[in-house]
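The values are calculated or read from the model by the stated rules, or taken from the named source; none is laboratory data. None of the values given here were measured: they were computed from a predicted structure. Cβ sites come from the backbone with ideal geometry, for glycine too, and all protein chains shown count toward neighbours. The area values use the complete protein model at the heavy-atom level, side chains included, leaving out ligands, DNA and RNA. Shrake-Rupley method; radii C 1.70, N 1.55, O 1.52, S 1.80 Å.
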Amino acid sequence: FLTHEPKEKEGFLNICGHIHPGICLQGLGRQQLKIACFYKTKRQLVMPAFGNFTGKYILELENAESIWGIAEHQVIEVKHTN
């Protein structure tokens with residue numbers, strides 16, 4: 001089901017926005033890059049902000065099933081460890 005703010009409903013996948021998720025990618029030499037992302041858990045798919053005006057809420061990744069980052073004009077899967 002579709003909502004603006006994240007909600008949970010047993011037996012449904014909630015597609016939502018509002019929190020404008022982002023992730024921080026870190027390189028071996030202290031490099032950092034913060035990018036917008038799609039963030040999926042068992043019951044939610046959170047959509048990123050599609051502009052620069054809103055900023056990003058950098059997520060803790062422990063509950064994520066899947067994360068797809070937006071880099072330039074591509075959507076790429078981001079591998080992470082729980």
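One residue stands out among those in segment 58-74 that are part of a strand (DSSP E or B) and exposed (fewer than 15 other Cβ atoms within 10 Å of the Cβ): the one that is modelled with the highest pLDDT, which is GLN74. The number of residues in segment 11-39 that are open to solvent by 50 Å² or more (accessible area, probe 1.4 Å) and touching a residue at least 12 places away in the same chain (Cβ under 8 Å) comes to 8.
Could you tell me which residue of segment 40-52 is nearest to the chain's Cα centre (by Cα), considering only residues that are open to solvent by 60 Å² or more (accessible area, probe 1.4 Å) and at pLDDT below 85? Of everything passing the filter in segment 40-52, PHE50 is nearest to the chain's Cα centre (by Cα). Taking the criterion of being in contact (Cβ under 8 Å) with a residue 24 or more places away in the chain, part of a loop (DSSP other than H, G, I, E, B) and out of contact with any Gly (no Cβ under 6 Å at 6 or more places or on another chain), the residues of segment 40-57 that qualify are THR41, ARG43, PRO48, ALA49, THR54, GLY55. GLY55 meets the conditions (1) within 17 Å of PRO6 (Cα to Cα); (2) at pLDDT below 85 in every case but one. The failed one is (1).
For segment 1-32, filtering for residues that are under 9 Å from GLN44 (Cα atoms), among the aliphatic types (A, V, I, L, M) and in a loop (DSSP other than H, G, I, E, B) leaves 1.
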